[in-house]
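Read the figures in this text as sums done on the coordinates, not as results from a lab. What you are looking at is a predicted structure, and each value in this text was computed from that prediction instead of being measured. Quick reminder, even Gly has a Cβ in these numbers, built from the backbone with ideal geometry, and neighbours come from all protein chains shown.
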Amino acid sequence: AAVGGPALRCTDIQRSFGGVQALKGVSFDLQQGEIFGLVGPNGSGKTTMVNVATGFYPPNQGRVALFGEDITGWSPHRIARHGVARTFQNLALFKGMSVLDNILVGRHIHMRPSALATLFYWVAAVREEVAHRRVVEEIIDFMQLQDIRYEPVEIVPLGMQKRVELARALAAEPRLLILDEPMAGMNQEEKEYIARFVLDARVERDLSVLVIEHHMDVVTAICDRVLVLSEGAPLAQGKPREAMADPAVVAAYLGQ
Ligand code: ADP
C-alpha cells in the first residue's frame, strides 16, 4: 500500500439522503501525524463525513484516499483492515464482558480466519492469542486501566468506559484514529485525561487523528487544524483559534 501523502484526503465529497443534501462538496487533507478537528453545529454533516470516510455510506460524488490509496466505495471492514479505527459517540461496549475482553475485541481485524481451517489451528490460535494479549496489556498500561481490567465493563464509571472504548480502538493498532465527540458527557478531569491520551498517542503510537467535536474548548485544546462545516458546506479551515474567529463561523454558531 502507498504510504506517502496525507493520512486522509477527501475531495469534493457530496452525499444526500432523500431530499437532504448532507454534504455539499467537502474537501480536506488530514496530514500524517496531525490531530484534525471536524467542527460545526448539530446537523452540519460531521457524522456523515466520517461515515463516508469509513465506508458506512458511499459518497454520491467525490473521492476518499487513505495514505495515498483511493478507498472510495470500499467496505467498512476493508477500510478498518487498512488501518482506520473509530470510536462512537454513544458507547458501543459489550455488557457482561470484562474490560480486558472488550479491548481484546479490537484485535479481531488482525485475526486470521484461515487459521481455524488448519490441523494445527490451535497452535496458531494460541500463538496469536499470546501476541494479541501482549498488545492489549500494553494498551491497558498506556490507558491506565490496570486496576479495572477484570471488572465487567458495565459497572465501571462512564468516564472509564470512554477510556475502554478508546483503548479498544487503539488495540486495532490503527494508523488513523477517528473519535466521535470523545469528551461528550465527561467531567473536566475526565476531559483532561482523554485530551492527554490523544496527544500522547499521536506521538507514542504514530497516529493521525480525526476528531468530530461540537465543543470549541476541546477542539482548541487538542487539534492542530480544524475544518468548520455548516449545513454540509465548508465554512472555514485552519488553526482552531483562527477558524473559530472567522465571522462566518461565529454567525453559524450564534444562529443555531
Ligand atoms: P452532525 O454530525 O454534524 O450533527 P449529521 O451528519 O448527523 O450532522 O447530519 C447532517 C444532515 O444529514 C442532517 O440534516 C441529518 O438529518 C441528515 N442525515 C444524516 N444521516 C442521515 C440518514 N441516515 N438518513 C437521513 N438523513 C440523514
In whole Hz, the Karplus estimates of ³J(HN,Hα) for the range 182-187 (6.51, -1.76, 1.60; θ = phi - 60°; x where Gly or Pro) are x, 9, 4, x, 9, 7
Expressed to one decimal in nm², the mean projection of the alpha carbon convex hull of the range 16-80 is 4.8
As straight-line cross-link partners of Lys239, the qualifying lysines (C-alpha separation under 30 Å, not fewer than 8 residues apart within one chain) are Lys24, Lys46, Lys162, Lys191
Quick calc, the chain, dipole around Cα centre from Cβ unit charges on Lys, Arg (+) and Asp, Glu (-), nearest 20 debye, gives 660
Residues meeting the amide H criterion for Gln61 (H placed from the backbone, H to H distance under 5 Å, 5 or more places apart or on another chain) are Gln14
For the chain, whose charge dipole is built from +1 on Lys and Arg Cβ atoms and -1 on Asp and Glu Cβ atoms, the candidate among Leu176, Ser44, Gly55 with its Cα farthest towards the positive end is Gly55
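In what sequence do Tyr253, Tyr193, Tyr150 fall when counting other Cβ within 10 Å, fewest first? Can you show the working numbers first?
Working: Tyr253 17, Tyr193 20, Tyr150 9.
Final ranking by Cβ density, sparse to dense: Tyr150, Tyr253, Tyr193.
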The helix 188-204 Cα axis meets the longest alpha-carbon principal axis of the chain at an angle in degrees, between 0 and 90 and rounded to 10, of 80
The set of residues whose placed amide H lies less than 5 Å from the amide H of Ser27, leaving out same-chain residues fewer than 5 positions away, is Asp12, Ile13
Each label sits 7 Å from Cα toward the beta-carbon; between Arg78 and Ile155 the label points are separated, in nm, by 4.4
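What does the convex hull of the Cα atoms of the chain come to per residue, in Å³, rounded to a whole number? Intermediate values should be presented prior to the final figure.
Working: hull volume 35.5 nm³, N = 256.
Considering the Cα atoms of the chain, their hull volume per residue is 139 Å³.
So what is the relative contact order for the range 201-256, in percent, with contacts set as C-alpha pairs under 8 Å and at least six apart? Could you put the intermediate results ahead of the total?
Working: 47 pairs, mean separation 12.1, N = 56.
Dividing the mean separation by the residue count of the range 201-256 yields 22 percent.
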Quick calc: nm separation of the 7 Å Cα→Cβ label points for Asp224 and Ala248 -> 2.4
Amide H contacts under 5 Å for Leu229, restricted to residues at least 5 apart in sequence or on another chain and with H modeled in the peptide plane, are Val39, Gly40, Leu235
Per 5 angstrom bin, beginning at 0 and ending with the bin that holds the maximum distance, the Cα pairs of the range 148-240 fall in percents of 3, 12, 22, 23, 19, 13, 6, 2, 1, 0
Across Gly43, Gly33, Gly18, the residue with the highest GNM fluctuation in the chain (Cα network, 10 Å cutoff) is Gly18
Measuring from the longest principal axis of the C-alpha atoms of the chain, the long axis of helix 158-171 (C-alpha) lies at a number of degrees, nearest 10, equal to 80
